[in-house]
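Here the structure comes first, spelled out in structure tokens, and everything after it is commentary.
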Amino acid sequence: LIGVEGVNELISYYGDGLGVSAKSDMVVLTRRATEGKPESESMVFDLASEELPALLDGDSIRVASREEYLPIVYIEGALKSEEEIAALAAGTKAQGVGTEEALKQAYRIVRVVYREGELLSQVVRPLKDRFSDQGDLGHAYIVRGSERIGVDLEMLLYQYSKEKDIVLMAGDRVVIPYGYASVYVKGEVKGASVVEVYGGLRLSEAIKDNLTSYSSFRDIVVRSADGKVATYDLFKAEREGDIREDPLLRPGDEVEVRKATRRVSVSGEVRRPGTYQLTGDEGVDELISYYGDGLGVSAKSDMVVLTRSASEGKPESESIVFDLGAKELPSIEDGDSIRVASREEYLPIVYVEGAVVIEGSPIGEGRKPYNLQRVLFRKGQSVMQVMKPLEGKLYSSADLQKSYIIRGQERIGIDLEKLLHAYTAAEDIELQANDRIVIPYGVNYAYITGFVARSVSVEITSQSRLSEILKDLTIERSSRRDIMVRSADGKVGVYDLFKAERKGEVSQDPYIRPGDTVEVKRASRQ
């Protein structure tokens, strides 16, 4: 501002005049704190006053709207929170929504600006998405002073009738109570219970945490408050997606869960193994084709086993083997189990035995066990195909080069070392059912002589070093500086164990191989 310009010029010239809904008697001037007045101040004045406040640098003027000072009405009770509204818009679920504790605390209030002559429907319709699913719209009411006026918001919102609408007054409170409608669940359940029903509660949800191992899914009775009776099959609802078999429950419904009469299990080579409840005269065919969803690819249909548990009439359990192609199939009783064998179980086998590790057998050095491994055999399999998966299960002391096959009275030599590590198809052998692949242990020795406690043959492994095999055989004058090792093929090497120990020269402490001769000399100067 310049010169003597003040409030009038600020609003009429700079502010371009008052708005339509301006409340000129409610103009607020806010003045910031200064050194002279360390506290800021605010004053309310009427533009029509003879004297208007002077304006200082930094002042702000706000002209209120008449809308801000309109009366209000209240909508309260069973309303969704802002978090629930946002979560629904985002397709998620607000934290704590639907819990008993959340429902207890969910009495909420919305304030709505009121204009004279406004109808109840005009106020509540824009808010209908905020009404809680648990709200009892049919029993809403208006609190007006000490008066209580009943209103049916359900009808007003969805079956509107002008005659039933109500003109509101300023300060009215529209209350939407929670409706605690329920259904009663009884029968073969963990415990008879009353379940609260809200919009969207289906039969399966009402009973899901209350079933026993004997509860029937197939013939659940629902009696409605008006006397109608219907029976539902939740297995069909789940298996076939028939939503009619999993109805929405209504307040006053009574749900009776019966005891299952025939529960049988099917396992093995079927597509859907499990325990099922049969109805009527359903038998083996229905159990496998419908409930089990048909046979698996490798099913051996002529080797189906029915196991029947012991009963009072038959104190010993029994087992029946039958062919699905037979004209007469055994009847199925409660508690029976059916198992369809796999053809894989009846394949012939070959044996791998000797120096092979099986579960529970010792792996350390020392005396090795003679083990036996059974391997399923398929026509055309070769020695390499059977042995390659077992490569990591062979003892390090196995003599792979001297392995052999026993076939009846015949003994066929095989070099597994070559087949596993330098394979050529020409040296592979096609196996026959019941062949026995024998892997012997190799007797691996080195001979120690010279200036030692005694000359001796020592058993070695692939990890035996010179220092290891000598440690218990050297005596006081045994030399550690010039130990001679002659290999089976005539090669000679001289090694210094002192350098191996002191300087870490691992080349001076070589691995010892089968057939090596180790000669320890007498130390000349100690």
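Quick notes
- Verdict on residue 229 being of a type outside the set (S, T, N, Q), more than 28 Å from residue 292 (Cβ to Cβ) and surrounded by 19 or more Cβ atoms within 10 Å (Cβ to Cβ): no
- Test: residue in region 407-425 that is within 22 Å of residue 391 (Cα to Cα) and among the acidic types (Asp, Glu): yes
- The criterion of at least 2 residues that are at pLDDT 90 or above is met, among strands (runs of 3 or more DSSP E) falling completely within region 425-502, by 436-439, 445-450, 483-486, 492-495.
- Residue check, residue 313 more than 30 Å from residue 219 (Cβ to Cβ) and either modelled with pLDDT under 95 or small (Gly, Ala, Ser) (or both): no
- Taken as a whole, the condition of being part of a loop (DSSP other than H, G, I, E, B) and either surrounded by fewer than 16 Cβ atoms within 10 Å (Cβ to Cβ) or small (Gly, Ala, Ser) (or both) does not apply to residue 77.
- Residue list for region 133-153, restricted to those being hydrophobic (A, V, I, L, M, F, W, C) and surrounded by fewer than 16 Cβ atoms within 10 Å (Cβ to Cβ): 143, 149
- Wholly enclosed strands (runs of 3 or more DSSP E) of region 254-324 bearing at least 1 residues open to solvent by less than 50 Å² (accessible area, probe 1.4 Å), in contact with a Gly (Cβ under 7 Å, 6 or more places away or on another chain) and more than 26 Å from residue 188 (Cβ to Cβ): 299-308
- Residues satisfying the stated conditions in region 515-526, i.e. in a loop (DSSP other than H, G, I, E, B), open to solvent by 70 Å² or more (accessible area, probe 1.4 Å) and under 16 Å from residue 448 (Cβ atoms): 521
- Residue ID - nearest to residue 298 (Cα to Cα), chosen from residues in region 357-380 that are within 40 Å of the chain's Cα centre (by Cα), open to solvent by less than 50 Å² (accessible area, probe 1.4 Å) and at pLDDT 90 or above: 377
- Matching option when the condition is farther than 30 Å from residue 386 by Cβ and open to solvent by less than 40 Å² (accessible area, probe 1.4 Å), among 493, 504: 493
- Of the residues contained in region 427-441, one or more are found to be at positive phi and surrounded by fewer than 17 Cβ atoms within 10 Å (Cβ to Cβ).
- Some residue of region 451-459 being among the polar types (S, T, N, Q) and either open to solvent by less than 60 Å² (accessible area, probe 1.4 Å) or under 58 Å from the mean Cα position of the chain (by Cα) (or both): no
- Count - residues of region 134-173 that are touching a residue at least 60 places away in the same chain (Cβ under 8 Å) and of a type in the set (D, E, K, R): 2
- Filter result for the condition that a residue is touching a residue at least 24 places away in the same chain (Cβ under 8 Å) and more than 21 Å from residue 214 (Cα to Cα), over 298, 265, 319, 309: 298
- Within region 10-34, the residues that satisfy the criterion of being open to solvent by less than 70 Å² (accessible area, probe 1.4 Å) and either in a helix (DSSP H, G or I) or among the aliphatic types (A, V, I, L, M) (or both) are 10, 11, 22, 26, 27, 28, 29, 33.
Residue by residue, here is whether (1) at pLDDT below 90; (2) hydroxyl-bearing (Ser, Thr, Tyr) holds:
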residue	(1), (2)
221	no, no
225	yes, no
232	no, yes
235	no, no
240	no, no
248	yes, no
252	yes, no
256	no, no
262	no, no
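- Filter result for residue 41 (open to solvent by 50 Å² or more (accessible area, probe 1.4 Å) and either under 60 Å from the mean Cα position of the chain (by Cα) or farther than 24 Å from residue 69 by Cα (or both)): no
- Selection count, region 476-490, where residues are more than 17 Å from residue 463 (Cα to Cα) and either small (Gly, Ala, Ser) or open to solvent by 80 Å² or more (accessible area, probe 1.4 Å) (or both): 9
- Scanning region 154-168 for residues that are out of contact with any Phe, Trp or Tyr (no Cβ under 8 Å at 6 or more places or on another chain), closer than 16 Å to residue 118 by Cα and surrounded by 14 or more Cβ atoms within 10 Å (Cβ to Cβ) yields 156, 157, 165, 166.
- Residues of region 412-422 include at least one that is in contact with a strand residue (DSSP E or B) (Cβ under 6 Å, 6 or more places away or on another chain) and in contact (Cβ under 8 Å) with a residue 24 or more places away in the chain.
- Any hit, region 393-402, residues being loosely packed, with under 15 Cβ neighbours inside 10 Å, more than 25 Å from residue 493 (Cβ to Cβ) and out of contact with any helix residue (DSSP H, G or I) (no Cβ under 8 Å at 6 or more places or on another chain): no
- Filter result (touching a helix residue (DSSP H, G or I) at 6+ places or on another chain (Cβ under 9 Å) and more than 14 Å from residue 434 (Cβ to Cβ)) within region 374-383: 382, 383
- Region 195-238, residues that are farther than 26 Å from residue 133 by Cα and either touching a Cys at 6+ places or on another chain (Cβ under 7 Å) or of a type in the set (Lys, Arg) (or both): 218, 236
The values are calculated or read from the model by the stated rules, or taken from the named source; none is laboratory data. Remember, it's a predicted structure, so these values are computed and weren't measured experimentally. Here Cβ is always computed from backbone atoms with ideal geometry, including for glycine, and neighbour counts include all displayed protein chains. Quick note on the areas: whole protein, heavy atoms, side chains included, nothing else; ligands and nucleic acids left out. Shrake-Rupley method; radii C 1.70, N 1.55, O 1.52, S 1.80 Å.
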